[in-house]
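Working notes for the structure below.
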Amino acid sequence: MPDVVSDLHSIGELARASGLTVSALRFYDSAGVLAPALVDPMTGYRWYTDEQIGPARLVAGLRRIGMPVPEIAAAVRAEPAEVHRLLDAHLRRLADGLADARREIVRLRALVDPAPTTVTTLLLSPAELAAALDAVRFAVGADPELPALSGVLLDVEPDGVRLVATDRHRLALARAGATVDGPLARVLVPVDLVDRLRRLLDTADARPVRLTVAGVDLGVTVAGRTLTGTALPYDFPDYRRLLREAVGARPAAYRIPVDVVALRAALRDPAAPTLAREYAGTPLAVAVLGLDGSGGLRLLHPAELSGAEPAPDPMSGLRFGVNGEYLLDALDAAGGPQLVLELDGPIAPLALRRPNDEDTFSVLMPIRL
């Protein structure tokens with residue numbers, strides 16, 4: 001026994017090496033997270049190997065960030081990729097918890113020192129508002145774990161309102177001019193209210209749409225009919241920062257004309273060639289795009305990727321992959337027979353724009369080929 005123990009570390013030594021307390025090590029032993037390599041049957045002393053120092057340090061770090069014990073146990077036994085997934089999931093929980101705490105603090109401050117509710121009223125063209133809603137609706141998120149993405153953000157500006165929607169994989173923006181009375185406001189409109197409003201706009205007459213924002217209370221009057229609702233209590237992502245990161249402020253390296261009718265027909269063809277990939281364990285059919293002989297956009301066959309020699313002109317050899325269904329959604333939402341696709345390279349985000357319209361466009365994330 002003495003020779004074996006001399007090659008091991010006592011619980012106190014492991015505590016000093018890992019940053020865990022002795023009582024914490026005893027707890028993680030009883031919880032089945034980090035069992036000692038040896039327990040002396042006579043004294044009950046716990047002994048640990050050199051190889052257990054790293055896992056103990058991992059446990060200490062996960063404990064500091066508040067990860068639940070079952071997930072700590074899973075992380076200690078997992079491959080690196082799974083540990084990263086657990087960390088990402090926990091980070092999302094922390095972000096959601098912080099957002100909840102911020103909202104609760106705002107509510108508590110209002111209880112302590114109530115502030116008068118401000119009212120902002122907008123008068124909008126029914127046709128312009130309908131077009132803006134159509135341009136962003138497809139990008140609204142449907143993941144129940146990301147409720148902050150389950151609506152359309154209305155970001156009121158001095159002379160209009162910007163509409164924004166995203167599901168993390170794509171981002172859509174549009175703008176409608178408006179006569180604005182009252183302070184600027186940002187409200188996240190639930191998707192069911194967005195859809196009811198869009199249906200009502202189909203019956204609109206020439207009268208302006210009246211949109212009222214009073215705190216979290218929303219009211220919309222269209223042709224004498226009124227809808228009411230409540231804004232979602234979530235912090236929408238900073239879409240301006242997302243835009244800077246995705247498409248930047250400088251002009252794109254490539255501006256490719258898109259024949260919407262031809263590309264839509266090619267994507268909808270049951271025999272359309274796709275490249276098989278997998279995302280988050282789910283099979284994904286990737287549409288591979290490149291340039292045709294006149295510099296326009298066309299759908300490529302995956303066989304064209306194999307054995308292709310580098311093109312003398314980098315633009316003529318451009319190849320990139322996208323989710324074909326997402327691209328179809330963006331084409332349908334943008335409207336019009338001609339669009340422009342902007343990008344900086346085969347793995348850079350894609351911006352799909354209407355010609356001469358800086359306010360209405362969508363951003364799609366590419367898929368590495």
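The values are calculated or read from the model by the stated rules, or taken from the named source; none is laboratory data. None of the values given here were measured: they were computed from a predicted structure. Neighbour counts run over all protein chains shown; Cβ positions are idealised from the backbone, glycine included. Heads up: the accessible areas ignore ligands, DNA and RNA and are worked out on the full protein's heavy atoms, side chains in. Shrake-Rupley method; radii C 1.70, N 1.55, O 1.52, S 1.80 Å.
In the range 330-337, is there at least one residue being part of a helix (DSSP H, G or I), open to solvent by 60 Å² or more (accessible area, probe 1.4 Å) and in contact (Cβ under 8 Å) with a residue 60 or more places away in the chain? Yes, the conditions are met somewhere in the range 330-337.
Can you pull out the helices (runs of 4 or more DSSP H) entirely within the range 30-140 that have at least 3 residues that are touching a Lys or Arg at 6+ places or on another chain (Cβ under 9 Å) and open to solvent by less than 70 Å² (accessible area, probe 1.4 Å)?
Numbers: elements: 53-64, 69-77, 80-112, 126-136.
In the range 30-140, 126-136 are the helices (runs of 4 or more DSSP H) which contain 3 or more residues that are touching a Lys or Arg at 6+ places or on another chain (Cβ under 9 Å) and open to solvent by less than 70 Å² (accessible area, probe 1.4 Å).
Going by what's in this entry, would residue 188 be described as of a type outside the set (Ser, Thr, Tyr) and within 25 Å of the chain's Cα centre (by Cα)?
Against the criterion (of a type outside the set (Ser, Thr, Tyr) and within 25 Å of the chain's Cα centre (by Cα)), residue 188 qualifies.
For residue 287, indicate whether it is part of a helix (DSSP H, G or I), crowded, with 19+ Cβ neighbours inside 10 Å and either among the small types (Gly, Ala, Ser) or modelled with pLDDT of 85 or more (or both). For residue 287, the condition - part of a helix (DSSP H, G or I), crowded, with 19+ Cβ neighbours inside 10 Å and either among the small types (Gly, Ala, Ser) or modelled with pLDDT of 85 or more (or both) - is not met.
Give me a count of the residues in the range 324-344 that are in contact with a Pro (Cβ under 9 Å, 6 or more places away or on another chain) and at negative phi. Steps first, please.
Let us first name the residues in the range 324-344 that are in contact with a Pro (Cβ under 9 Å, 6 or more places away or on another chain), namely 336, 338-343.
In the following step, the residues that additionally are at negative phi were identified as 338-343.
Number satisfying all stated conditions: 6.
Given the criterion of a type outside the set (Lys, Arg) and modelled with pLDDT under 95, identify the matching residue among 187, 140. Break it down stepwise before answering.
On the way: 140 fails: modelled with pLDDT under 95.
Residue meeting the stated conditions: 187.
Residue-by-condition table, conditions (1) free of Cβ contacts under 8 Å to residues at least 60 places away in the same chain; (2) more than 30 Å from residue 279 (Cα to Cα); (3) among the aromatic types (Phe, Trp, Tyr); (4) part of a strand (DSSP E or B):
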| residue | (1), (2), (3), (4) |
| --- | --- |
| 199 | yes, yes, no, no |
| 211 | no, yes, no, yes |
| 220 | yes, yes, no, yes |
| 232 | no, no, no, no |
| 240 | yes, no, no, no |
| 243 | no, no, no, no |
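Scanning the range 150-180 for residues that are open to solvent by less than 40 Å² (accessible area, probe 1.4 Å) and more than 16 Å from residue 243 (Cβ to Cβ) yields 150, 151, 152, 154, 156, 160, 161, 176, 177, 178, 180.
Count of the range 249-272 residues, restricted to those that are in a loop (DSSP other than H, G, I, E, B), within 24 Å of residue 338 (Cβ to Cβ) and either at pLDDT below 85 or not charged (D, E, K, R) (or both), is 5. Considering each residue of the range 8-25 in turn, none proves to be among the aliphatic types (A, V, I, L, M), open to solvent by less than 50 Å² (accessible area, probe 1.4 Å) and under 30 Å from residue 235 (Cα atoms).
Here 144, 190, 183 are screened, and the one residue that is surrounded by fewer than 18 Cβ atoms within 10 Å (Cβ to Cβ) and within 30 Å of residue 322 (Cα to Cα) is 144.
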